[in-house]
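Chemist: Right, I'll just put the structure down here and ask away after.
The values are calculated or read from the model by the stated rules, or taken from the named source; none is laboratory data. Only a predicted model underlies this, so the values are computations on that prediction, with no experimental measurement involved. Cβ atoms come from the backbone with ideal geometry, glycine included; neighbour counts cover every protein chain shown.
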Amino acid sequence: MMRRTPRIVALSAVTALLALACARHERIPLDPNLPTPEADSTRAARPAPVPLRVDNRYRADVVIYALRGTVRVRLGTVTSAATGSLAIPATFVNDPGGLVLIADPVGGRTSLQSERFIVRTGQRVEWSLESSFSRSSLGVY
């Protein structure tokens, strides 16, 4: 019993010293209204969604998907003979592996896949779906 008492006293003293040291080095909180260099650099590095304009001249409504690797995300539906405004998610932007757009006609058997492309922050994408999918075109501006 006598041997454990000095250890407990020593541990208590070390704990008290650590608590005092931590209390002395407490950080002064910064004004949250002032921008910090870290916040500016992370804000500039974050990608934003990219606008996608789909001009559907196909005979049926189409569901538009974005495919990156094995991740497929539904972007929306564009009715026949109409133009739709969609958005490519920010997680697909600035990806060096690129992405593919898929147009899947409602009630149809075949779908159209665009070529693989890379989209950057600040760009826009226009996809024109023709009455024959083989004549469709994709533009990144």
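Chemist: Just one of (1) under 20 Å from Arg46 (Cα atoms); (2) charged (D, E, K, R); (3) part of a strand (DSSP E or B) trips up Arg120, so point out which.
Modeler: Result: Arg120 fails condition (3) only.
Chemist: Which of the residues that make up segment 95-111 are over 25 Å from Ala48 (Cβ atoms), surrounded by 13 or more Cβ atoms within 10 Å (Cβ to Cβ) and at pLDDT below 95?
Modeler: Correct list: Gly108, Ser111.
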